[in-house]
Every structure is written in C-alpha cells, then in structure tokens.
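The values are calculated or read from the model by the stated rules, or taken from the named source; none is laboratory data. Predicted model, so just to flag it, every value in this text is computed and none were measured. Quick reminder, even Gly has a Cβ in these numbers, built from the backbone with ideal geometry, and neighbours come from all protein chains shown. For the accessible areas, the whole protein counts, side chains as well, though only heavy atoms, and no ligand, DNA or RNA atoms are used. Shrake-Rupley method; radii C 1.70, N 1.55, O 1.52, S 1.80 Å.
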Amino acid sequence: MSAPGDPSSAAALSQDPQPQSLQSTQSLQSAQSLQSAQNVQSPQSPQNSQPQPQPQERGAVDTAMWRALGFFRSLALLYAIARFAASYDHYAHTGGAIAILFTMAVWTAWTGIVYHRPTTTRRALLAFLATDFAVGAASVLSTDLVDTAARIDAGALTLPTVWSAAPVIAVAIALGWRGGVAAAALMGCVDLLERGALSQDLIHNIVLMGLTGAAVGYVTELGRTAELTLVRAQRLEAATRERQRLARDIHDGVLQVLALVQRRGAEIGGAGRDLGRMAGEQELALRSLVNSWHQVDQVDQDAGDPVDLDLSALLGRLAGPRVTLAGPGTAVPLPSPVAREVAAAVAAALDNVRRHGGPGADGLGARAWILVEDEPEGVTVTVRDDGPGIPEGRLEEARGTGRLGVAHSIQGRVQDVGGRVDVVSIPGQGTEVEMWVPRLPVPRAAASSVSALRKALR
C-alpha cells in the first residue's frame, strides 16, 4: 500500500482490498503452487515444462448443489432397487440386473467422492462429467440386455429409472442451464434408442428431464451470481473500514505535522517559507483526499455501491491554489473503478508538476490546468502545466534506468481500464498529458443488488 502522503495512494485505497485472512490464504496458495511447479520441473529441460492447470476452489453454492445431487442420486438408486425387487421375477436375466444395480451403487459412491472435492480443475471436471453421462446412458441401454422384449414394448420402466437423470443434473450444475438442456436432449436420444420407438410417455420423460436440467442450471447460475455479489459487498465493507482507519491516522499524524511545518516555515522566512508553502499545498491535497473517502463512504451507505462516480467531482478535490479545473457543467459519470484510476493518474501527473515543474512563470511554482471533455465514446482528461517541459528522450531514459513513474502511475493505470495516454512536451513551454478512457455503461441493477446485500450484512 502506498504511503498516505503519496498521491498514488488515491488509486490504491480506492480499490477493494481483501481482508488480511484472504490475502494470507492467497499468498500461501501462491507459494505452494510455485513450490509444486519447481518440484515438478525437470532441471535438464526447463523450457519443455508446461504450466499445470490450477484447481479452482468451489464456492458455497456449488458445494450445496453437489451435495444435493449426491442425495438425489442415492434416493434414485434406492428407488431403482425397490422397483427391481418388486418385479425381479419378470426380468429375463436377474443376475445381470443385480450386477448392473451393484455397478450403479459403486458409481454412486464414487461420484459422491469426486463431486464433493473442495477443489478441482475444469478439465478434470469436464472429463468426469463425460464419464458420468456415459455410465448413465449405459445403464439405460443395459435394460435391453436384462429385461424381456415384451416388457420393453409394453413401456415398462428402464432398470435405472430416474437414476439416469443424475448425470443431466450434474451437467446442469457445472455448465448452467444450456448444458443441462443439451444433456437432457442427449439422454432423451438414449431413451429413444433403448425403446426403439417414440411414445407419449417417452416424450413426457424427455420434456420433464429437459425442464429439470434447465431449472437446476438456472438456479445454480443465480446462486453463483448472488455469492459473487456478496463477496464483493464484504470487500467493499472492508475497504470502507480501512479508509476510515487511515483517515483517523492521517488526521492525527500527517495533517498536524504538515500544518506545523507550514506555520513554522512562515515564521522562519526565506527558504523555510517555500517549504511551508509546499507543506500547506500537500496538507490541502491530503485533506481533500481524506474528505473524498468520507464522501464516498456516505454514498455507499445511502445510495448503494458507487457503481457510477462523477469524474468531475473526483478531480475537483485535486484542485487547489496552483491547480485549475475546467469541465462541463453537468456530471461526468464513469464506472467507479475507471473513475478512480483516472483520478489517481491525474494526481500522479500533478505530483510530477509539483516535483519537476520548477518555479513556474510567476516564480511561485508551476501552475497546472485540468480539462475534462465528456464525449459520447469516452472521456478525455488533459493535464497541462507551465513548467520547463520534459527534455527530449527524458522519458525513455527514465524508463531505461528503472524509473517508471509516468509509465506505471499514469500510463499503466489508464491502459488497465482500456484507455490511452499521450504525452506532449516542448522544452520551455510546459507539458501536456492527455488521457482518454472509453465509456463503458454499467447496469444499474448491479448497484441495487449489491446495496441490498450490504444492508443485510449490517
């Protein structure tokens, strides 16, 4: 995290920080993954080592759905056994039917183990889903081997009965409602192949299985969305608490020190006066930043998450005695991550003006102007100063020596949100930094849903 006095901390604090426990867990997982990769890599041929797919930890919704599927599969197996026990004397091959039921029981236990693993790779899950579907289809087709042709023609239930719907539900949980409908259609084709002819009951079963796959997949997708929204709300809560704690620490320490330096510098005079003036400007900028945290927190509490923020309002907190802001008379809404990154990039540009702008045209320090242009396709923010400018090749030289202030603090932030940065500087005539970011609409429903969950957490 950036120091409180660093203008780049505006972007660092505006992001949603994870709680320390989550950060520690992720750091431990990253270290374990790196150690595992080093152990597997061959020292003779490191270039040939391929990155292994990392297992993904399942959320609470997925865990609950897989547990419910295991319960359904067990009940369906008991129902298939009960149906067979009630009419076992009508089967052509009783021993074969018992062997198939025993295989179904073993597979039910094995799927309970695999589907309940807390972590798995997507490739492994898809492979097991295909195997599960093949076992379910084979159990349906095995009815032709153990049952009589007369019972099959009469429309008797297949040996696995509803147990064959379990793979369809599994696909719906893993791939959503579209996957569930596709799996139900394939299983319906298997039923048609087993029956040999299309009947009213078969159509009814196929439609019912398709509705089941669609419903289970849709409910699972809704649950995952709600879970992600809840996690985001918790992170926003953590970010709010961290901003409040930092604001208290800054107010009790840094702001008081800057105010003291400003007063003592004015009393000393000479070079101390300039030092006091710069301390006063930093105090004003830092106090505006702290106040902006409180205002954002109030927006979070009263109107939900700041999905859209007014960029002009954010940049207005950076204005001061030597910084002038010009923009449209109306709000310039942008998604909060984009608006905050742009504001942080502008703060970094102003920091460069204060550090390298020299005495300026009036001898009191370089002046800066911020121009905001709201366009249909995006927003352009221009930062211009009256400093000495950047000598030709200075940026490339700084980048070559590892000094990446402009590349990271300004260009990196804007490029991360899909924008671009153009820097034009003429020695003796100042520098102009033009930032453009695209306008990406954000659904308002997302803000209301997050706000409702956040209020529930309180």
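Spin-label model, A86 to F71: label points 7 Å out along the Cα-to-beta-carbon direction sit 2.4 nm apart.
For the set I268, I206, the ranking by accessible area, highest first and with no ligand, DNA or RNA atoms included, is I268, I206 under a 1.4 Å probe.
The tail of the calculated P(r) for the range 99-171, taken as Cα-Cα distances beyond 13 Å, holds 68 percent of the pairs. With the cut-off at 1.5 for a/c, could you classify the range 98-137 from its C-alpha gyration tensor as rounded, prolate or oblate? Oblate shape, in that a/c is at least 1.5 and b/c is the bigger or equal ratio. Ranking of V190, V381, V424 by solvent-accessible surface, largest first: V424, V190, V381 (1.4 Å probe, protein heavy atoms only, all chains present).
Can you give the extra length, in nm with one decimal, that the chain gains between R355 and H93 once fully stretched, where that is 0.36 nm per residue apart less the Cα-Cα distance? Mind showing how you got there, number by number?
Working: separation 262, 0.36 × 262 = 94.32 nm, distance 8.98 nm.
So the chain would gain 85.3 nm between R355 and H93.
The slack between Q429 and A130, meaning 0.36 nm per residue of separation minus the straight C-alpha distance, is 100.9 nm. Using 0.36 nm per residue and subtracting the Cα-Cα separation, the extra length available between A326 and E373 on full extension is 16.0 nm. Once the 1.4 Å probe is applied to the protein heavy atoms, the range 88-212 comes out at 50 Å² accessible per residue.
Projected label points at L78 and Q200, each 7 Å from Cα along the beta carbon direction, are separated by 3.3 nanometres.
The heavy atoms of S409 offer some 30 square angstrom of accessible surface to a 1.4 angstrom probe. What a 1.4 Å probe finds exposed on the range 103-224 is 71% carbon and sulfur by accessible area, rounded to a whole percent.
The order of V140, V257 by accessible area, most exposed first and with a 1.4 Å probe, is V257, V140.
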